[in-house]
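The values are calculated or read from the model by the stated rules, or taken from the named source; none is laboratory data. Keep in mind it's a predicted model, so treat the numbers as computed, not measured. Cβ placement follows ideal geometry from the backbone for every residue including glycine, while neighbour counts extend to all protein chains displayed.
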Amino acid sequence: MTNQRRLFLSVAVNSTGSAGRSFAWPGTDWGRFSDWEHYLRSARLAHEGVFDIVFVSDHPALQRDNTSRPLHSFDPTVLFAAIAAAVADIGFLLTASSTYNSPYNLARRLATLDHISGGRVIWNVVSSFNPDIAANFGSAPLPPRAERYRRADEFLEVVKRLWLSWDPPTGEPPAGPLWDDGTARPIDHRGEFFTVAGPLNVPIGPQGHPVISQAGASDAGVDLAAKHADIVYASLLHKQAAFDYKARLRERAVAHGRDPDEIRLMPGITAIVGATREEAYRKHEALHGHTGEDGLIADFLKRTALFDISAESIDPDRPLDPRLFSYTEDQRRPVGFVRSFAELAAAEPITPRQLVRRVEGGHRLAIGTPKEVADTILEWWSEGAVDGYNIHIPVLPDGIAEFNREVIPLLQDAGAFPRAYDGSTIRERLGLRDPRAAA
């Protein structure tokens, strides 16, 4: 790795795209969300663009909204095992719940995939917030947020110890036992949620252990990310909010004895590209099934149900009151998206009409010509607010090809993004320390 700071990019390859109506985009097959070749094509296009990572979120329950594409379907671990055999270099960021898995089994599956892929696995840790998921794993209700985060913390501690518990065999076969408690070390963990003896029956992998990512926004989430995560995804809609979030993350990392420079902040950003800004605006509207800006505003007002806001109480051309986006640290629904809207509305006077051209799907929107999109991506990164982005593509897979063709070269010409892959593992590519050095 060069010491020169550079932009890191991942691309989300969920379902048919980030746009709710991406399934109905002209020239596409609406059922491609259940065709594994669709995901393979997306990953190959991401590789052509030299993206660092392909990202799949997960939600092991069929969504209740049956008017939009199902955002989650295939199991990410199984999906990426197939893709890793067909696509080189690129990292695989897959989501798995710490609430609805057991540490030993998940550690084993991810370690296996890390070996198969040559050290390209990233585990995105979620604690799961939807009662519909809980209902698929037994009769117990969804645990309270505080309990889920305590469990996640202990889960991560156990998994990381398991990943480093059995040294890989090297050299000539030993004359005596092939391993002992010095090379295959029991972890003998006994905690609030788990009792795990160890060691893992998969040796330490090519990058020490998989990279860890998390998207904490509540106080407990930020603390968990600062303690364990190498990559932090977050919903950040205003530049100062990004600086403030990064400062919170760094402060908590230091408190946990970590080097904060070892954490990569990569919020989500949605990219909509057109030959002109007006063309990009028309595409934006069409992605929502509308032919004008008023349709985007109507969609936003419909989605304000997330914030318990009455659509009738909002003037599309009057600045939003940040108090409309109220949240509590212990609310059931995710804190991050609600908090990001509150931060944006508090930082500047912004109307719903302006907001719909700044935010898409809960993430910052980069919309316009290729140069305008590239400039939007580069602005926060060049000023040090973020280390990179998780790019959300409205329509997959062709939107990745468009981004590769129109935007990636501009990022490369700016000296921000590489033209070829470097490093043999995703940990090396991200400039992260081998965990064996600190073990």
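The single residue among A86, A82, A61 that is surrounded by fewer than 17 Cβ atoms within 10 Å (Cβ to Cβ) and not in a loop (DSSP other than H, G, I, E, B) turns out to be A82.
Of all residues in segment 201-220, those that are closer than 15 Å to R109 by Cβ, among the polar types (S, T, N, Q) and in contact with a helix residue (DSSP H, G or I) (Cβ under 6 Å, 6 or more places away or on another chain) total 0. Filtering segment 35-48 to residues that are assigned to a helix (DSSP H, G or I) and surrounded by 12 or more Cβ atoms within 10 Å (Cβ to Cβ) leaves W36, H38, Y39, L40, R41, S42, A43, R44, L45, A46, H47, E48. With respect to (1) exposed (fewer than 15 other Cβ atoms within 10 Å of the Cβ); (2) part of a loop (DSSP other than H, G, I, E, B); (3) more than 20 Å from the chain's Cα centre (by Cα); (4) at pLDDT below 95, the lone exception for R323 is condition (2). Taken together, the residues in segment 397-417 that are out of contact with any strand residue (DSSP E or B) (no Cβ under 9 Å at 6 or more places or on another chain), part of a loop (DSSP other than H, G, I, E, B) and buried (at least 17 other Cβ atoms within 10 Å of the Cβ) amount to 2. Please specify each residue of segment 162-196 satisfying the condition of being hydrophobic (A, V, I, L, M, F, W, C), farther than 22 Å from D114 by Cα and at pLDDT 95 or above. Matches in segment 162-196: F193, F194. Does I212 fit the bill of being in contact with a strand residue (DSSP E or B) (Cβ under 7 Å, 6 or more places away or on another chain), closer than 30 Å to P370 by Cα and either part of a strand (DSSP E or B) or aliphatic (A, V, I, L, M) (or both)? Considered against the rule, which asks whether it is in contact with a strand residue (DSSP E or B) (Cβ under 7 Å, 6 or more places away or on another chain), closer than 30 Å to P370 by Cα and either part of a strand (DSSP E or B) or aliphatic (A, V, I, L, M) (or both), I212 comes out as no.
In summary, R250 fulfils each of the numbered conditions (1) under 30 Å from P435 (Cα atoms); (2) part of a strand (DSSP E or B); (3) in contact with a Pro (Cβ under 7 Å, 6 or more places away or on another chain) with the single exception of condition (2). L162 satisfies every condition listed in (1) in contact with a His (Cβ under 8 Å, 6 or more places away or on another chain); (2) among the aliphatic types (A, V, I, L, M); (3) over 25 Å from D387 (Cβ atoms) except (1).
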